[in-house]
Amino acid sequence: MNKSELINAIATHSGLTKAEAERALSALVQTIGSTLKAGDSIALVGFGTFEVKERAERTGRNPQTGEAITIAAAKIPSFKAGKGLKDAVQ
């Protein structure tokens, strides 16, 4: 499902117009992004948790030369599915 198909599904299930559904989806994505950027997490009971995890510095290899390189530490977004979502998928 791509973004436009998701917007159509939201509009169908909620009774919103497509324009309203698109604004709601954009607001959700922006809110999740800004909350994670601030270092907070978002827990939606029954759906899952969005959070930021720390990835440690590690050693990798340059695929062209085989030379060892250092990959810097980074903060990465993470999603852990909740029980309700897991049960819905099975």
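No lab work stands behind these numbers, since they all come straight from the coordinates. As the structure is a computational prediction, the values presented were derived from the model and not from experiment. Please note: Cβ atoms are built from the backbone with ideal geometry, for glycine as well, and neighbour counts cover all protein chains shown.
For the stretch 33-51, backbone nitrogen atoms closer than 17 Å to the point 7 Å from Gln90 Cα along Cα-to-C-beta are found at 46-48.
Note on the chain: the C-alpha convex hull projects to 8.9 nm² when averaged across all orientations. Over the residues of the chain, the helix contribution to mean residue ellipticity at 222 nm works out to -13500 deg cm²/dmol, using -39500 (n - 2.57) for each DSSP H run of at least 4. Once the Cβ-Cβ distance of Arg23 and Glu54 is raised to the sixth power relative to R0 = 41 Å, the FRET efficiency obtained is 0.80. Positive contributions from Lys and Arg (+1) and negative ones from Asp and Glu (-1), summed over other residues with Cβ under 12 Å from the Cβ of Ile71, come out at +2. Lysine pairs in the stretch 3-89 with Cα distance under 15 Å, only those 8 or more apart or on different chains: how many are there? Taking the Cα cut-off of 15 Å, the pair count is 5.
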